[in-house]
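Down below is the structure, laid out as structure tokens.
The values are calculated or read from the model by the stated rules, or taken from the named source; none is laboratory data. What you see is a predicted model, and the numbers here were worked out from it, not measured in a lab. Neighbour counts are summed over all protein chains in view; Cβ atoms, including those assigned to glycine, are modelled from backbone coordinates with ideal geometry. Just so you know, the surface numbers come from the protein's heavy atoms only, side chains and all, with ligands and any DNA or RNA stripped out. Shrake-Rupley method; radii C 1.70, N 1.55, O 1.52, S 1.80 Å.
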Amino acid sequence: MSHKEHKRIHSQRLVLQYIVPCMESYGLCIVDNFVGHKCGEKILQEVLALHQSGKFQDGELANQKSGSNRAIRGDKILWVEGNEQGCENIGVLLSKMDKLIMYADGKLGHYKIRGRHKAMVACYPGNGSGYVRHVDNPNGDGRCITCIYYLNKNWDSKVHGGVLRIFPDGKSYVADVEPLFDRLLFFWSDRRNPHEVQPSYATRYAMTVWYFDAEERAEAKQKFRNLNAAKKKEAPPSEAE
């Protein structure tokens, strides 16, 4: 059996024997040492280079102007496809994530996963900034799985903070996830998993990808089109043109 075949079977087993059962039982799943130290280091170097390029912008909230939300979320973000120059290893990471989701398709609830968002590279600058409790997809925009990859070496949450705390809906416990280097986290994106990023006192890097359920995404797009059409009808002629 070829090395590639071994890796494929390993990935399928990881999904069927670990990720799917975890998601069914807890609504979240942690995979440590996801790509290995060597590959993780290359990804980190690419993220550091992106950050140093000055292209990151303040993370924004829906319906809020930039700069008005520092108390709610304090991260700086950059959207990447993974095929940009200098993002080759980020591309490898995204491909590995996609393969896991492909193997899990049809086994994660009722979802038919047929696409994803660009990757959001996020940096909390370490000045006590965080992100207050929120839900990724509270209103049915199509996102069904949140997938986060962490890039923080020698992270000590007692000193550095930055824990992602998940409040699983209807459960008596919370799940505290430390943003450790080469750690991958999956959880449901909807109201089942309100979560927060606790204040970070060291620079904290993470990369987030949201996977879409085909049906919910199509419905969300149609609603958006209908809303835009209605707005154009209501607008004066000069605005609608």
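Number of residues in region 1-54 that are surrounded by 16 or more Cβ atoms within 10 Å (Cβ to Cβ) and of a type in the set (S, T, N, Q) equals 1. Within region 1-22, residues that are of a type in the set (D, E, K, R) sit with their Cβ atoms under 9 Å from residues that are assigned to a helix (DSSP H, G or I), at 6+ positions apart or across chains, in these pairs: Arg8/Lys99; Arg8/Tyr103.
For the subset of region 131-146 comprising residues that are farther than 20 Å from Val163 by Cα and out of contact with any Phe, Trp or Tyr (no Cβ under 6 Å at 6 or more places or on another chain), which member is most open to solvent (accessible area, probe 1.4 Å)? Steps first, answer last, please.
To start, the set of residues in region 131-146 that are farther than 20 Å from Val163 by Cα comprises 137-144.
Filter again for out of contact with any Phe, Trp or Tyr (no Cβ under 6 Å at 6 or more places or on another chain), leaving 137-141.
Values: Asn137: 7, Pro138: 49, Asn139: 123, Gly140: 30, Asp141: 47 Å².
In this case the residue turns out to be Asn139.
Taking first residues from region 108-127 that are open to solvent by 60 Å² or more (accessible area, probe 1.4 Å) and among the charged types (D, E, K, R) and partners that are part of a strand (DSSP E or B) and modelled with pLDDT of 95 or more, the Cβ contacts under 6 Å between residues at least 6 apart in sequence or on separate chains come to Arg116/Val209; Arg116/Tyr211; Lys118/Trp79.
Restricting attention to region 40-61, which residues are in contact (Cβ under 8 Å) with a residue 60 or more places away in the chain and touching a helix residue (DSSP H, G or I) at 6+ places or on another chain (Cβ under 8 Å)? Those that are in contact (Cβ under 8 Å) with a residue 60 or more places away in the chain and touching a helix residue (DSSP H, G or I) at 6+ places or on another chain (Cβ under 8 Å): Ile43, Val47, Phe56.
Among the hydrophobic types (A, V, I, L, M, F, W, C), open to solvent by 30 Å² or more (accessible area, probe 1.4 Å) and touching a residue at least 12 places away in the same chain (Cβ under 8 Å): which single residue out of Val80, Val92 fits that description? Give the steps one after another, and end with the answer.
Numbers: Val80 fails: open to solvent by 30 Å² or more (accessible area, probe 1.4 Å).
From the options Val80, Val92, the qualifying one is Val92.
In region 177-194, the qualifying residues are those that are within 12 Å of the chain's Cα centre (by Cα) and open to solvent by less than 10 Å² (accessible area, probe 1.4 Å), and the one that is nearest to Gly27 (Cα to Cα) is Phe187.
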